[in-house]
Amino acid sequence: MPSSSPAALAPVLVLVPGATGAPADGGPRFHLADATVPQLSVTDLVATRGDGVFETIGAFDGVPVNVGPHLERLARSADLVDLPAPDLATLAEAVDAAISAHDPVAELSVRVMLTRGIEGAGVPTCWIHARVSDDWTPYRAGMRVAALDRGLPTTVAETSPWLLPGAKTLSYAVNMAAVREAKRRGAADVLFVASDGYVLEGPTSTLLVRRGDTFLTTPASAGVLPGTSVKSLFTWLQEQEGRTVREELMTLADVTGSDGAWLLSSTRLAAPLTHLDDTELPVDHELTARFERVLKGQA
Ligand SMILES: Cc1ncc(COP(=O)(O)O)c(C=O)c1O
């Protein structure tokens with residue numbers, strides 16, 4: 001069968017009954033499953049309550065990037081929602097199995113999902129779904145971004161931890177609603193702004209701002225997800241390029257007056273902002289291409 005046929009590019013599903021402990025039925029910790037038939041119970045708490053956590057890992061030419069940091073963040077999110085700790089070694093093996101079972105492609109999106117499980121069972125459900133990434137080319141060339149009020153202050157993690165700021169939960173309906181609002185405003189994505197006026201992050205991405213030779217991002221303590229992509233870029237910028245990097249609370253004026261801004265994430269990589277609302281920003285395509293190589297693990 002030619003590798004470009006649709007069947008050859010079918011998504012891969014790996015079920016991981018051993019994600020938080022030995023499977024009760026004594027079966028394997030993880031196994032391939034049919035991704036074309038229903039596998040999730042209608043009473044799984046992720047279906048009834050959106051109760052679970054997840055990660056999306058990018059794999060480029062078959063090589064996943066930042067698996068350790070992603071799985072550690074999954075464990076952190078699980079802890080924040082009082083889920084049992086996932087077995088990271090099992091999950092890392094299962095991620096590899098999903099990638100190996102998929103046809104070779106340039107860009108693969110590997111989702112690791114951990115839910116509270118079927119109502120009353122008390123056992124998390126876990127699976128890994130690997131599929132060809134969306135075509136992010138237009139976003140990587142530059143995108144308009146709308147600034148939207150998140151309605152919460154940057155002190156939320158301290159005052160109201162039950163709102164789960166900084167946890168990557170499976171309750172992303174608000175994040176997706178914000179992207180739809182951005183599209184209604186003629187933008188491609190969102191930059192959330194806290195009620196105390198500081199910029200936060202995108203619905204699925206981390207903010208990176210350039211001010212001269214200094215690169216800045218929102219402090220995780222402001223209630224944003226600690227991004228794996230920004231961490232990789234900060235290490236590269238500091239160690240290979242000798243630039244200064246730091247976390248800083250920034251206003252919208254700090255972003256619009258900057259020397260460039262990007263929204264970073266593991267599969268879309270570095271998407272530069274051409275405009276924030278109606279203000280045009282400088283775009284450095286050459287630097288963005290270098291960011292892309294770093295984030296693909298190919299620098
Ligand atoms: C809310 C949020 N912030 C930031 C990110 C970027 O994280 P990473 O760079 O680890 O993909 C994501 C990723 O999906 C996200 O959902």
Quiz item: Of the residues that make up region 129-141, is at least one of a type in the set (A, V, I, L, M) and within 11 Å of the ligand (Cβ to nearest atom)?
Solution: no
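Conditions (1) open to solvent by 30 Å² or more (accessible area, probe 1.4 Å); (2) more than 16 Å from the ligand (Cβ to nearest atom), marked per residue:
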| residue | (1), (2) |
| --- | --- |
| T43 | yes, yes |
| V53 | no, no |
| A78 | no, no |
| A98 | no, yes |
Self-check item: Any hit, region 76-86, residues being among the small types (G, A, S), touching a residue at least 12 places away in the same chain (Cβ under 8 Å), part of a loop (DSSP other than H, G, I, E, B) and in contact with a strand residue (DSSP E or B) (Cβ under 8 Å, 6 or more places away or on another chain)
Solution: no
Quiz item: Can V230 be described as within 17 Å of A147 (Cα to Cα) and in contact (Cβ under 8 Å) with a residue 24 or more places away in the chain?
Solution: no
Quiz prompt | Identity of the residue in region 187-226, within 11 Å of the ligand (Cβ to nearest atom) and among the β-branched types (V, I, T), that ends up nearest to the chain's Cα centre (by Cα) | solution = T204
Self-check item: Scan of region 24-34 for residues that are open to solvent by less than 70 Å² (accessible area, probe 1.4 Å) and at pLDDT below 95, ordered by number
Solution: none
Quiz prompt | Any hit, region 241-248, residues being open to solvent by 10 Å² or more (accessible area, probe 1.4 Å), touching a residue at least 40 places away in the same chain (Cβ under 8 Å) and not β-branched (V, I, T) | solution = no
Quiz prompt | Residue count, region 206-224 (criterion: surrounded by 20 or more Cβ atoms within 10 Å (Cβ to Cβ) and within 18 Å of R76 (Cα to Cα)) | solution = 4
Quiz item: Are there any pairs, at least 6 apart or on different chains, whose C-beta atoms fall under 7 Å, with the first in region 37-65 and assigned by TED's automatic domain parsing to the domain that holds P17 and more than 21 Å from G227 (Cα to Cα) and the second at pLDDT below 95 and surrounded by fewer than 19 Cβ atoms within 10 Å (Cβ to Cβ), and if so, which?
Solution: G50/S171
Quiz item: All but one of (1) surrounded by fewer than 22 Cβ atoms within 10 Å (Cβ to Cβ); (2) in contact with a Lys or Arg (Cβ under 8 Å, 6 or more places away or on another chain); (3) under 14 Å from P165 (Cβ atoms) hold for L200; which doesn't?
Solution: (1)
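The values are calculated or read from the model by the stated rules, or taken from the named source; none is laboratory data. Because the structure is predicted, anything quoted here is derived from the model rather than measured. No Cβ is skipped: glycine too gets one built from the backbone with ideal geometry, and neighbour counts run over all protein chains shown. To get the accessible areas, we keep the full protein, side chains included, count just its heavy atoms, and leave off ligands, DNA and RNA. Shrake-Rupley method; radii C 1.70, N 1.55, O 1.52, S 1.80 Å.
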